Amino acid sequence: DTTCGPETCTLSVTATGGTGSYTYNWSSIPEGFSSSSQFPTTTPETTTTYIVEVSDGVSVRQGEVTIVVNEIPTTDAGEDQSIYSGLNAQLEGLISGGSGTYSYSWSPAEFLDNPNIANPTTIALYEDITFTLTGTDAASGCQSTDFVTITIAGEVLTIDVTASETAICYGESAMLSANASGGSGNYSYQWTSIPAGFYSEEESPVVTPLSYTRYLVTVTDDYFTAEGSVDIDVFSEIHTSIIASNDTISDGATITFEAFSNVDVTYLWLPYN
């Protein structure tokens, strides 16, 4: 005698006594239904009282039954969303109609911070997933469902930090590169160094370190931050001096030269032109 929305119901009437030969006459409030069957079917769209008169040809008896039709609540799980891999999504459930008091149930529950509220937040997602929201009218128990799909639009931000040379001679330069991929594609860069003293916001700055230096970069997009570093070793500056055994000599005499360096080097003597 209670339905959630229009459902097909079977009415029945049982008569006893009298002549044993019965006829049936069904009507309804509100009007619109009639039947002469003992077991008629009906699909009421609103709460309806069904009245039956049973006659055995001598006397008439009357009975009635009311079918309460509860409104099915309307459940809306919100618009489909696209997010970047590793992000959280905010679901937006809405239930309307019925009594006005509802309970919420999202599934799969293991991907949500709280599956029993209207607007739960997902955990970090790395693959497409469809969530189902079941809305229940607290008064009638009538339910409806809706679905929302979260699509992963791109991969998480990653970077590969490189240098054109990782070992250079003193006074030479190298180009740094922060090769970013994934994320939104809208990247910004911040380079610093150890020891301190270098800063750049270029994607690929050129550096001329005077000694061993570690270059650190932070890359950000609209959602993520990624960090990396690269080391450049610098060979020491070479200082060379030459000493002659004599400042002046006579024609045909021999003079001895001796070279000194601050690092271990090899020497090649050539005439000075």
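The values are calculated or read from the model by the stated rules, or taken from the named source; none is laboratory data. Keep in mind that this is a model prediction, so the values were computed, not measured. With ideal geometry, Cβ positions are generated from the backbone for all residues, glycine too; neighbour counts draw on all protein chains shown. All accessible areas refer to the heavy atoms of the entire protein, side chains included, with ligands and DNA or RNA removed. Shrake-Rupley method; radii C 1.70, N 1.55, O 1.52, S 1.80 Å.
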The chain: most fluctuating residue of Ile150, Ile255, Ile95 per GNM, C-alpha cutoff 10 Å: Ile255
Choice from Glu53, Glu227, Glu258 with maximal GNM fluctuation in the chain (Cα, 10 Å cutoff): Glu258
Gained length - Tyr212 relative to Ser181, 0.36 nm times residue gap less alpha-carbon distance: 8.3 nm
Accessible area per residue, Å², the range 122-198 with all protein chains present, probe 1.4 Å: 50
Correct option for Cα extents along the principal axes in Å [calculated from the coordinates] among (i) 81, 40, 38; (ii) 62, 46, 29; (iii) 164, 26, 24: (iii)
Per-pair calculated FRET efficiency, R0 = 35 Å: Glu110 and Asp1 via Cβ, rounded to 0.05: 0.35
Inter-label distance for Thr14 and Asn262, nm, one decimal - labels placed 7 Å from Cα along Cα-to-Cβ: 11.4
Of all accessible heavy-atom area on the chain, the percent that carbon and sulfur account for (1.4 Å): 48
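Sorted by average packing, counted as other Cβ atoms within 10 angstrom per residue and highest first, what order do 262-271, 55-64 take?
Top of the packing list down: 55-64, 262-271.
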